[in-house]
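Since the structure comes first, as structure tokens, the remarks are kept for the end.
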Amino acid sequence: MGRFDGQVAIVTGSGSGIGQAIAARLAEEGASICVADVDLPSAEVTASKLRDLGRTALARQVDVTDRAGVVDAVAWTKEELGPVDVLVNNAAACNDIPLLELTEQEWDRDVDVTLKGSFFCAQAVLPHMVARGTGSIVNLGSVNGFHYLGNDAYSAAKAGLISLTRSLAVTYGRYGIRTNMVAPGTIRTAAWDDRLARNPAVLDEIAKWYPLGRVGTVDDVAAAVAFLASPEASWISGTVLTVDGGLLAGNAPMVADIFDSTAARS
């Protein structure tokens, strides 16, 4: 028996990367999956892979910034697979442009996909969840929402998503709906390919900032999402689970520098 047997899940941005791993993990544990992505061919590849493994999965092109399109996708999922039990808001946009060079359109793109899109998706599934008296929403956050690490618009959106997570948990908990967040640190995905092409050692260099000595994997994140969405977390709501190898717990290289400097002065 899987933790999600008989359940239906929508995972946004699941055509690749972290979203694909989340969809695979939920499907592996019994969920029927709506693979939702703005890139339909990628969504179809993910859904096909899951079906090849004997899972139930359908692809749907969804631009999470299109409110009407999101509503249609939720209604389609209910018709094709059944009422939505789990929503994973994974879709996000992130640029590396310095703050003073950001255009309004570039800022809006990151915020609209990452924050407004999560709002639209939650708003679309909530009436069905309220009517049934059950449901789980898991938002994908980031350590960027807590700690300055660049990507100003994306970071602001992830910080806003923390507040939205708590708002949904408090407002809809009375209806049996839980809302939580998983906030990853650096995760090795294809998004790093360009940087790795310029500097093949970049992830090894970043790993020194993590107390566990490595960057994360998509499976690390998928496992955390599956836990929070599952009945095992039935009394957990409004929380943020950091999946960051200890990054936010403290800065070991800084501590080492402080004590090395102190020793050098003595």
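Summary of computed values
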{"read-out": "Counted residues, the stretch 148-182 - those being part of a helix (DSSP H, G or I) and of a type outside the set (K, R)", "value": "21"}
{"read-out": "Checklist (1) modelled with pLDDT under 95; (2) farther than 27 Å from E232 by Cα applied to M1, failing item", "value": "(2)"}
{"read-out": "Single residue of T114, T103, T56, T46 found to be of a type in the set (S, T, N, Q), crowded, with 23+ Cβ neighbours inside 10 Å and farther than 22 Å from N180 by Cα", "value": "T46"}
{"read-out": "Breaking point among (1) out of contact with any Ser or Thr (no Cβ under 7 Å at 6 or more places or on another chain); (2) in a loop (DSSP other than H, G, I, E, B); (3) in contact (Cβ under 8 Å) with a residue 40 or more places away in the chain, for G30", "value": "(3)"}
{"read-out": "Residue list for the stretch 241-254, filter: in contact with a Ser or Thr (Cβ under 9 Å, 6 or more places away or on another chain) and crowded, with 17+ Cβ neighbours inside 10 Å", "value": "D244, G245, L247"}
{"read-out": "Enumeration of residues in the stretch 124-145 that are touching a residue at least 40 places away in the same chain (Cβ under 8 Å) and in a helix (DSSP H, G or I)", "value": "A124, V125, L126, H128, M129, V130, R132, V143"}
{"read-out": "Selection status of T189, in contact (Cβ under 8 Å) with a residue 40 or more places away in the chain and surrounded by fewer than 21 Cβ atoms within 10 Å (Cβ to Cβ)", "value": "yes"}
{"read-out": "From V74, V64, residue being part of a loop (DSSP other than H, G, I, E, B) and crowded, with 19+ Cβ neighbours inside 10 Å", "value": "V64"}
{"read-out": "Qualifying positions in the stretch 33-52 - part of a helix (DSSP H, G or I), under 15 Å from T189 (Cβ atoms) and either among the aliphatic types (A, V, I, L, M) or touching a helix residue (DSSP H, G or I) at 6+ places or on another chain (Cβ under 7 Å) (or both)", "value": "T46"}
{"read-out": "Filter pass, G15 being more than 20 Å from N139 (Cα to Cα) and part of a loop (DSSP other than H, G, I, E, B)", "value": "no"}
{"read-out": "Some residue of the stretch 159-169 being under 27 Å from T77 (Cβ atoms), in contact with a strand residue (DSSP E or B) (Cβ under 9 Å, 6 or more places away or on another chain) and free of Cβ contacts under 8 Å to residues at least 40 places away in the same chain", "value": "yes"}
{"read-out": "Some residue of the stretch 64-73 being over 23 Å from A169 (Cα atoms), free of Cβ contacts under 8 Å to residues at least 12 places away in the same chain and not acidic (D, E)", "value": "yes"}
{"read-out": "Scope the stretch 33-54; condition among the aliphatic types (A, V, I, L, M) and either within 20 Å of V70 (Cβ to Cβ) or in contact (Cβ under 8 Å) with a residue 60 or more places away in the chain (or both); matching residues", "value": "I33, V35, A36, V38, L40, A43, A47"}
{"read-out": "Selected residue [touching a helix residue (DSSP H, G or I) at 6+ places or on another chain (Cβ under 9 Å) and at pLDDT 95 or above] from A224, A233, A169, A191", "value": "A233"}
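The values are calculated or read from the model by the stated rules, or taken from the named source; none is laboratory data. What you are looking at is a predicted structure, and each value in this text was computed from that prediction instead of being measured. Glycine gets a Cβ as well: all are built from the backbone with ideal geometry, and neighbour counts include every protein chain shown.
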